[in-house]
């Protein structure tokens, strides 16, 4: 079994014979160009005859579209086309984003450009293409759409009321998805528990704000009927498949190329209406068309996430054992479920994850996912985890407070013990192996907990209110086909890697997972160098081109290291075997008598260097006449990997936050943040640290600053970077990161994902730290973002 | 709309004469007319700093500065400053700390950091954080950027260079 006790020592075992790079903080050598202004993002690409598209988007939350007047715009300088929804629908089919395994889920057909009605402010209605972006924007001013405002469903609280208008009457109600889960005798447990604590948690809508906006260039060549799309995207093969299906093309007709991507975070893993519209325009015009969202468009058309209201309660006994959790989650997703991953996943994850780190045996959850006339929401970094974690950890702190127990001790007592795995969580999630106890012990030391509490107590006497907050978490990574595949979504959970020995002795690796800044190319180079047995200088990683890379799922659910990395390992180990076979044929020796050491083939027994890789490449490609008849050199191999043993491989960790709250102004100063992370085998500590830190800061954004604010009519009030607050350097604390390594046994590499746990844990940790600071006033705030105003309201000062 | 104005300026050491629309921003001119890839457009209203370039020795927001305003000026972008070696220490230090992820903010961040090194050579971590707080990074969480800049400040005070980052043996 894969218990930490059985794993003792294993974490130190190397994956390969001569491991030099895996596990070390190797710099991302290929990232140097990014520091020299030599990256190639989509907007850096200019193609001959390229047109530029801008979209006339709905100015209101819900409207009936009348006559569209395009004549004036068509006559403007440089204008190539003006296209509406009806014209676009002649070549692009509508879609409905549901998953079969989310039973009862529904959504309405959605079109690339709205027809008849627009259902959120920012929905694209008319496309204007011109020779330059400025000309397109000039012409956009002359598009006249006759429209009539319709009643908008804005508040999720009333979305299901009988007198609320239906956004899609044909669906019968405004309910997208509902789920209930009831495990154990929850009512009896709450009735007989020594203590019960409850709170209502609010989560504001926020969005990803990738620094590079969403953008693409669609280039359709009518001659060979091939579509090439340059895209700032996380899942090139997924987009290739969607373009094929929506436009009636076959895979070989469509190539999706993703070069440098300027931030993604889940924002760029969805298929947006304007993605399809841009492709449609390129096909209609037979020339390349570039779309680059401006920042206002990004705020109203990039997916949003996290709008939830959750009533939660926890039961515990006086000994300090958590007995039960119960939640009621209401969430709203905009007017359509987003294609193709669906917008019900976030709430579904909340149901799966609440209470996840703890060993209680009673749990009830209710989820309602409703439609509304705001920007669609969907998967954004952490997907449900930050919400589940903030609710769970907020309730855990309330229970500890009622029991007058130290919150860290309370957690230590209640987490699933490290020797209990594999096991199932109360919601039915399968947990392979986690290390909560070890992580809690590590963080206690890291923060010097007794000293920190002492400092807090001393300062409190002087009227300085500091708080310490913890958040224990689980995160799902390395997803299996049970995530989307079983629901009918054509999203690959497998990934492939091809490893090729080039004639010069360099190894090129082609892999389906691309690079958006996480450092996946860096770790693939490390894995490849160790697995083939060469210097990292002699490895090239090629990603982001559906014409050349093996079919794969791309970047989502923290799968790059665990799934993509395993594929690279398998392919490169196979390549090493083939190199040895070829060397054996050249040297007339049995391959088993040979080994690889740093770019050379050696005699295993004597250690004598026999052949450098460059010589193997030369003979393997140019002098096959010298090889035995029937021998095939096979210096290019492909291997695929799917994690099939568990629905996901869960990771775990704990974060601690130290804050100071000014009770006069409600201002929160972040003093320090700590994280202990167990993502299995750490392939590159520096890169994992940076993933954790960046993710934590995104989580801090959610708990303190970020919110897409709407007015009562459903108009976004803060659609610019000057109005939508994101964390900047001077508000952020230093963040210390430590690792516990519990490798997954589902792969040779043992790597789990590391990209999202930081975002999952930070909101809960900061929320709890703020409430710990406010404890002397007997108030608490559970409504994120926790602004100065909300704190002052809680304190009764405003 | 089609009225154009002739401007002459020096960009990364090369003398450029061009006709531009008065409404065109400097960053659009650099990107679209001169095909430079270094200065990026993030927010288009001066909030994010991705478009930062130097005009006559001072960093400015390329999205708030019109190309016609740069007439007669010396403009430097990440490309030119890389070539001259002005940013070499910072670039090595950013590499060493992985102080960039997607790299979209990096051009602007490096130019802001270079000005800090010049103007506030004894900055503390907190002062570095404050200085770069006009430049938005969504990926790193800033910690590594601050560390990378601190290393350069410390090296400068000791009169040392940052050692080039090489692959581990």
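At-a-glance table
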item	result
Qualifying positions in the stretch A:11-41 - away from every other protein chain (no Cβ under 11 Å), over 14 Å from residue A:685 (Cβ atoms) and either at pLDDT 95 or above or part of a loop (DSSP other than H, G, I, E, B) (or both)	A:13, A:14, A:15, A:16, A:17, A:18, A:19
Any chance residue A:601 is under 43 Å from the mean Cα position of the chain (by Cα), over 27 Å from residue A:517 (Cα atoms) and modelled with pLDDT of 95 or more	yes
Residues being within 18 Å of residue A:620 (Cβ to Cβ) and either within 11 Å of chain B (Cβ to nearest Cβ) or assigned to a loop (DSSP other than H, G, I, E, B) (or both) - total across the stretch A:503-538	6
Output for the stretch B:17-69, where each listed residue is in contact (Cβ under 8 Å) with a residue 60 or more places away in the chain and not in a loop (DSSP other than H, G, I, E, B)	B:52, B:67, B:68
Identity of the residue in the stretch A:43-60, within 11 Å of chain B (Cβ to nearest Cβ) and out of contact with any helix residue (DSSP H, G or I) (no Cβ under 6 Å at 6 or more places or on another chain), that ends up surrounded by the fewest Cβ atoms within 10 Å (Cβ to Cβ)	A:46
Residue match in the stretch A:553-561 (condition: within 15 Å of the chain's Cα centre (by Cα) and more than 21 Å from residue A:231 (Cβ to Cβ))	yes
All positions within the stretch A:705-724 that are without any contact (Cβ under 8 Å) to a residue 40 or more places away in the chain and either farther than 14 Å from residue A:204 by Cα or in contact with a helix residue (DSSP H, G or I) (Cβ under 9 Å, 6 or more places away or on another chain) (or both)	A:722, A:723
Test: residue B:47 is under 26 Å from residue A:260 (Cβ atoms), at pLDDT 95 or above and more than 7 Å from every other protein chain (Cβ to nearest Cβ)	no
Matching option when the condition is closer than 30 Å to residue A:768 by Cβ and over 23 Å from the mean Cα position of the chain (by Cα), among A:464, A:474	A:464
Subset of the stretch A:179-230 (residues that are without any contact (Cβ under 8 Å) to a residue 12 or more places away in the chain and either closer than 30 Å to residue A:396 by Cα or within 14 Å of chain B (Cβ to nearest Cβ) (or both))	A:187, A:188, A:191, A:192
Candidate set from the stretch B:1-16 (those that are part of a loop (DSSP other than H, G, I, E, B) and in contact with a helix residue (DSSP H, G or I) (Cβ under 8 Å, 6 or more places away or on another chain)); member that is nearest to the other protein chains (Cβ to nearest Cβ)	B:1
Among the residues listed as A:619, A:579, the single one being outside any strand (DSSP E or B), touching a strand residue (DSSP E or B) at 6+ places or on another chain (Cβ under 7 Å) and either touching a residue at least 60 places away in the same chain (Cβ under 8 Å) or crowded, with 17+ Cβ neighbours inside 10 Å (or both)	A:579
Subset tally (residues that are within 17 Å of residue A:695 (Cα to Cα), in contact with a strand residue (DSSP E or B) (Cβ under 8 Å, 6 or more places away or on another chain) and in a helix (DSSP H, G or I)) for the stretch A:745-798	10
Residue under evaluation residue A:682, criteria (1) in contact (Cβ under 8 Å) with a residue 40 or more places away in the chain; (2) at the interface with chain B (Cβ under 9 Å from one of its Cβ atoms), criterion not met	(2)
Hey, residue A:500 surrounded by 16 or more Cβ atoms within 10 Å (Cβ to Cβ), modelled with pLDDT of 95 or more and over 30 Å from residue A:183 (Cβ atoms) or not	yes
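The values are calculated or read from the model by the stated rules, or taken from the named source; none is laboratory data. Source: prediction; values computed, not measured. Note that each Cβ is placed from the backbone with ideal geometry, even for glycine, and that neighbours are counted across all protein chains shown.
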